[in-house]
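Below is one structure, written out as structure tokens; the observations come after it.
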Amino acid sequence: MTDMQAGWVCDPQLRLDRKNSFDASLVVGTARFNRDTGRDQMVRQPFAKYIDPSTGLIQLDKVRARNCPVCGSPPGPGLFVKDGFRHVRCPACGLVYVSLILREDILIQYWREEMAWRIILKSQPQLDMDILKFGYGLDLASAYLKGPKDLLDIGAGNGDFVLMAQEQDWSAVAMELNLESVASLERSGIRVIVKPLELTDIEPGAFSLITMWEVLEHLTEPKNILFEVRRILNEDGVLLIMVPNVNSLVTRLLHERSDTFGGHSHLNHFNPQSLTRLLEIMGFDILEMETVITELGTINNYLGFEDPYLGEAPVFCRELTPEFIHQNLWGSRLLVLAKPSAKAMP
Ligand SMILES: [Zn+2]
């Protein structure tokens, strides 16, 4: 264990204070944050035009069926349909996922041209939170690393994380498919990979840190990218993953009303068990798993019969604290650090 780990990483109060510093519902307030980042204006159903009115589902020629992308089991009973997408829970591993996803060509086009989310990411209140979140993750991962500082950030967006890492002497490469984000990264002088990892000729063990900030939930086949990540991550390296947590208190309360469910984009909804299983299958050992970001304001609003995202309800229960939420892994995002396992690759 390094000096840094002996510091804030191992001090529960210091660590909670840092988490709370990028928890927008605590810092800015839920309604204000959602308005100031433009979330209230965002088009949430870009594929509503594909919904077949006779079934309420996306037209069959626009989708393809898939089994559980973690364990391969056939879909279990449906949980709900939202925006034309059926969400199911895997009976074997607990993953919640969209069983009929948009065709690959539609998805690729969408991700190349997607703008609504890019605008939110560029808003100042979002950047203020993201910088603190990225700093937390980078410090946490650094506590497990020594030696070369070679970073690959997958799904780098506008490059805010990469730029932060470069300031801390990381040699950083971005991977991104969105055309505007790629242009933005190139303007910042960041090296960008603009194709799937399996089509690159990156040498084995090339990176000591690979980060996937809210990426895995979007992927049709998360195993494919993790296979490549395992190959190009150094044996002493660290993989950092953040994904929405389907076991979070806010999602357990809101069910399909939660903004986390948008079946064109969020294809996989992990909980601690299904994410652990996926990483173990793909040859990683978990170093640590925790939750961050409570969405406590959203919870209060819902429990106060107000709009969950735009309401201003008073605090419902003072005993429902960030500490309590995170102790139970009920925060809205899972943050995982993993390392290559000593076992052979899958
Ligand atoms: Zn499964």
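Quick rundown of the values:
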{"quantity": "Flag for S99 being without any contact (Cβ under 8 Å) to a residue 40 or more places away in the chain and away from the ligand (no atom under 16 Å from the Cβ)", "calculated": "no"}
{"quantity": "Residue match in segment 178-188 (condition: in contact (Cβ under 8 Å) with a residue 40 or more places away in the chain and under 27 Å from P148 (Cβ atoms))", "calculated": "yes"}
{"quantity": "Scope segment 96-135; condition of a type in the set (G, A, S) and either at pLDDT 95 or above or not in a loop (DSSP other than H, G, I, E, B) (or both); matching residues", "calculated": "S99, A116, G135"}
{"quantity": "Checklist (1) of a type outside the set (F, W, Y); (2) out of contact with any Leu (no Cβ under 6 Å at 6 or more places or on another chain); (3) in contact (Cβ under 8 Å) with a residue 12 or more places away in the chain; (4) more than 16 Å from the ligand (Cβ to nearest atom) applied to C10, failing item", "calculated": "(3)"}
{"quantity": "Sole residue being surrounded by fewer than 16 Cβ atoms within 10 Å (Cβ to Cβ) and among the small types (G, A, S), chosen from G304, G262, G297", "calculated": "G304"}
{"quantity": "Close pairs (6 angstrom Cβ cut-off, 6 or more residues apart or separate chains): crowded, with 18+ Cβ neighbours inside 10 Å in segment 24-43, among the aromatic types (F, W, Y) anywhere", "calculated": "A24/F33; N34/Y309"}
{"quantity": "Selection count, segment 53-93, where residues are assigned to a strand (DSSP E or B) and either within 16 Å of the ligand (Cβ to nearest atom) or open to solvent by 50 Å² or more (accessible area, probe 1.4 Å) (or both)", "calculated": "9"}
{"quantity": "Single residue of segment 274-294 satisfying the filter (open to solvent by 40 Å² or more (accessible area, probe 1.4 Å) and either on the phi > 0 side of the Ramachandran plot or of a type in the set (A, V, I, L, M, F, W, C) (or both)) that is farthest from the ligand (Cβ to nearest atom)", "calculated": "L287"}
{"quantity": "Hey, D150 over 25 Å from L253 (Cβ atoms) and more than 16 Å from the ligand (Cβ to nearest atom) or not", "calculated": "yes"}
{"quantity": "Residue, farthest from R44 (Cα to Cα), within segment 94-135, restricted to residues that are polar (S, T, N, Q) and surrounded by fewer than 19 Cβ atoms within 10 Å (Cβ to Cβ)", "calculated": "Q124"}
{"quantity": "Residue within segment 327-346 that is at pLDDT below 95 and touching a Lys or Arg at 6+ places or on another chain (Cβ under 7 Å) present", "calculated": "yes"}
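The values are calculated or read from the model by the stated rules, or taken from the named source; none is laboratory data. Keep in mind that this is a model prediction, so the values were computed, not measured. Note that we place each Cβ from the backbone using ideal geometry, even for glycine, and neighbour counts take in every protein chain shown. In case anyone asks, the SASA skips ligands and DNA or RNA and just uses the protein heavy atoms, side chains included. Shrake-Rupley method; radii C 1.70, N 1.55, O 1.52, S 1.80 Å.
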